[in-house]
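Written out below as structure tokens is the structure these notes cover.
The values are calculated or read from the model by the stated rules, or taken from the named source; none is laboratory data. If you're wondering where the values come from, they're calculated on a predicted model, not measured in any experiment. When we count neighbours, we look across all protein chains shown, and the Cβ atoms used for this are built from the backbone with ideal geometry, even at glycine. SASA here: full protein model, heavy atoms, side chains in, ligands and nucleic acids out. Shrake-Rupley method; radii C 1.70, N 1.55, O 1.52, S 1.80 Å.
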Amino acid sequence: MENYEKLNIKAKKSWFLGRFIFLVIIVSILVVSKYLIFKNIKYHWTINLIIGIIILLQLLNTFLYPEIEYKQWKYLIDNEKFEFIEGIYFIKHTVVPIERIQHINVTQGPINRRLNLANITINTAGGSFDIPNLEKSKAEELSEFLRLKVSGNLKTELGENNG
């Protein structure tokens, strides 16, 4: 079995903070909506039940899922392919040959910038693939490695077609 790498341990904190902010926003919207919009509805217990379920699911997403997600997430980048394994309920194993890569982006949101983390987005004709929450220097290093591999593959293919 090949040696997969894990995401940075701060990935859990990044996911938690992002989801916690979303939780606060959702709870605020639901509570305000309940008292402004749904206060005169005859079956208010159903509204309370729906709001309770939404909040419960969002609490799970905030406090439990980052830990599970971190345990599942792993990736491998070598000279021929990149692959990653992710998921909580359904585990997804993706393998993409290096020569399929069209372009690569390294991005940081405000939470990741504070934690010195970055995401790599690898774009192919078939879609885009993210490797989230890598240490910024590691993300830049992997991005540069992939760019060099892609440009090397393109030069090789052009040379073979012209020769």
Please work out if residue 144 is open to solvent by 40 Å² or more (accessible area, probe 1.4 Å) and more than 13 Å from residue 14 (Cβ to Cβ). yes
May I ask you to list the residues in the stretch 134-143 that are without any contact (Cβ under 8 Å) to a residue 60 or more places away in the chain, over 10 Å from residue 106 (Cα atoms) and of a type outside the set (S, T, N, Q)? 141
